[in-house]
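The values are calculated or read from the model by the stated rules, or taken from the named source; none is laboratory data. Please read all numbers here as calculations on a predicted model, not as lab measurements. Please note: Cβ atoms are built from the backbone with ideal geometry, for glycine as well, and neighbour counts cover all protein chains shown. To get the accessible areas, we keep the full protein, side chains included, count just its heavy atoms, and leave off ligands, DNA and RNA. Shrake-Rupley method; radii C 1.70, N 1.55, O 1.52, S 1.80 Å.
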Amino acid sequence: MYINLRMIDIIMIQARFFVLLLLLTSCSSGTTKTYYVSASGDNKKDGTTAATAWKTISKVNSKKFLPGDSILFRRGDVWRESMTITASGNSGNYITFGSYGSGNRPKIYGSVKLVKWTVFNGNIWVSATNVKDPYSIGRYAAEIFFEETTGDEDISWGHKKKSSITDCVSEYDWTWISNHIYVYSPTDPNTRYTSIEAPQRGIVINLNNKQYITIDGLDVRYSSLANIKEVYPSSKLNGLIIRNCHVAATGTRGSVVGYGLSLWHSNCLIQNNVIHDCGRRSCSFNVDNAVVITITNVTIEGNEFYHGFHTTGPDIGNTGSSTFDNFIIRNNLIWDDPKWDMRDSESVEDAVGIFIGNNNTSTGKFQNFHIYNNIIKNNPFKGIELTGTTSNVNIYNNTFYGYNPTSTEFGAQVYIASTSNGITIKNNVFYDDGLNSVNRYHPCIYMQNGASAVIDYNLYYKVDHTSPILNFAGTYTMSKWDEYKAATGNDIHSPTPADPLFVSYADLHLQNNSPAVSAGTYLGITEDFDGKPYNKDKPSLGAFEKNWLKK
């Protein structure tokens, strides 16, 4: 009961904190101003009305704003520049970078659009655009990206850069020679794709270690290092809100960089963003051993993360002695594509949905994490991984579905390393469609010797009944359910493993006769993934409450 009440207290404290934070963000003194930026603007004007808007981001970079100021970019416009934030707000008045007008989010791209494609030879096409080699942008490389005609959020990666034109033999093959990009395309690239983008900048939005900043409703893409990033080395910072943004396409697949967000602010809210196709980490809170800081009061909620190559969703890590305290990760959709062939040399098998931990030499601490109401779908490796010195981690009411059918990597839907203690896993649904003969070894929960956890009120199901559902203090398949409970003392109140009966693969709500309905225990979480109230008497398992109308 102590854990449940403590979690309620933390949630209420953070809820009050963010209500106050958002109210303060909207407050401003009489001296604050709103500035406008339009692709058809004029840098010689004052920028204080839509009619006198500035034109370029370089103009924004030249100004030092005051707490409470807002800098708004016109919707539907595109800027191919890097933005550097030059001033901090304060706890009562954030500086906001947002949008105005109607239409699509304002686009801030770290790339050059490749245009005027002509036939070079056969299916090899060359662009007339002069461009630097994307593999030589500072210290880090980036692939080129193809925006498909099915929608500008549908992005295909260029394959690894080829060493010569003759090596380009299939779609998305490309190379760079003498300031021009060559691609293999079955038909005219001018019409086959909405756009082909060549990253030319390391960072698109440089937070510049400024505090009390809001970034709201921007489309940020195509960097080699990170799309939105702090400045190395990490330092103690407060006050950051990133919400309603689209952040995508950075780096190369599986590289040491390529971050959607690279942050270390405390009192931070990451909310309602779409973040995908990041070569390393989608949402990174990582501190190296150069400094020792505490990052606390972080909420990551309502985001969609997909197409991961190292960490698809949040990655909280440390190679030094810093502390990460009081993180809430809730109501996120984290998914990977089961059609991706993980045997492809350009795919990366070790993509994790949520990673929390550090390397073996780190003395950092990860404590008071609350992970609930998330949907983690088709992870290639591990759904949630806890490693290093992790403690008081609550994993509640999540729905885990599927496993990439071509991955041969050892993994789990929840993986707990030996140094993790005080872990509670309750009210979750685990559905794994991996085949033991192909996917090697992939239990729903794997816990190393030395770790400690309280595990109960969960529903497990493996399509391949010969595949283990649990591995700690022994290996147990569904047929050894009673043996597992007797040996471990866990899952005493959990239903017998069975198909959770989702509405469909695409819709993970529960059918009326699902064994997950009314099978849980109330944990102080008031609303499910859809924002509907949990039944306090007999809540359902997973991220969706079936009997939400009952009080």
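Summary of values
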{"quantity": "Loop-resident sites, the range 403-496, for trypsin sites (Lys or Arg not before Pro), counting at most 15 other Cβ within 10 Å (DSSP)", "calculated": "440"}
{"quantity": "Helix 2-26 axis, angle to the chain major axis (alpha carbon atoms, nearest 10°)", "calculated": "20 degrees"}
{"quantity": "Reach of residue 236 by Cα under 15 Å, taken over aspartates and glutamates that are not fewer than 8 positions away in the same chain", "calculated": "288, 325"}
{"quantity": "Fraction of accessible area attributable to carbon and sulfur, the chain (%, probe 1.4 Å)", "calculated": "51 percent"}
{"quantity": "Loop trypsin sites (Lys or Arg not before Pro), the range 158-192, which have at most 12 other Cβ atoms in a 10 Å radius of their Cβ (DSSP)", "calculated": "none"}
{"quantity": "DSSP bridge orientation in the chain - percent antiparallel, rounded to nearest 5", "calculated": "20 percent"}
{"quantity": "³J(HN,Hα) computed for each position of the range 475-484 - Karplus, 6.51 cos²θ - 1.76 cosθ + 1.60, integer Hz, glycine/proline x", "calculated": "10, 10, 8, 4, 5, 9, 4, 5, 5, 4"}
{"quantity": "Reachable lysines from residue 532, criterion Cα separation under 24 angstrom, eight or more residues apart if same chain", "calculated": "377, 426, 546, 550, 551"}
{"quantity": "Cβ-based net charge around residue 485, under 11 Å, with every Lys or Arg adding one and every Asp or Glu removing one", "calculated": "-3"}
{"quantity": "Filtered trypsin sites (Lys or Arg not before Pro), the range 319-397: DSSP coil and at most 11 other beta carbons within 10 Å", "calculated": "339, 343"}
{"quantity": "Over the chain: helical MRE at 222 nm, DSSP H runs n ≥ 4 each giving -39500 (n - 2.57), nearest 500", "calculated": "-2500 deg cm²/dmol"}
{"quantity": "Entry for Cα extents along the principal axes in Å (calculated from the structure that is shown) out of (i) 109, 51, 50; (ii) 85, 56, 47; (iii) 74, 64, 47", "calculated": "(iii)"}
{"quantity": "Residue-normalised accessible area of the chain, expressed per residue, 1.4 Å probe, Å²", "calculated": "37 Å²"}
{"quantity": "Listed pairs 162/382; 116/162; 59/113; 63/210; 45/107; 160/339 exceeding 25 Å between Cα atoms", "calculated": "162/382"}
{"quantity": "The chain: relative contact order as a whole-number percent, Cα under 8 Å and 6+ apart", "calculated": "7 percent"}
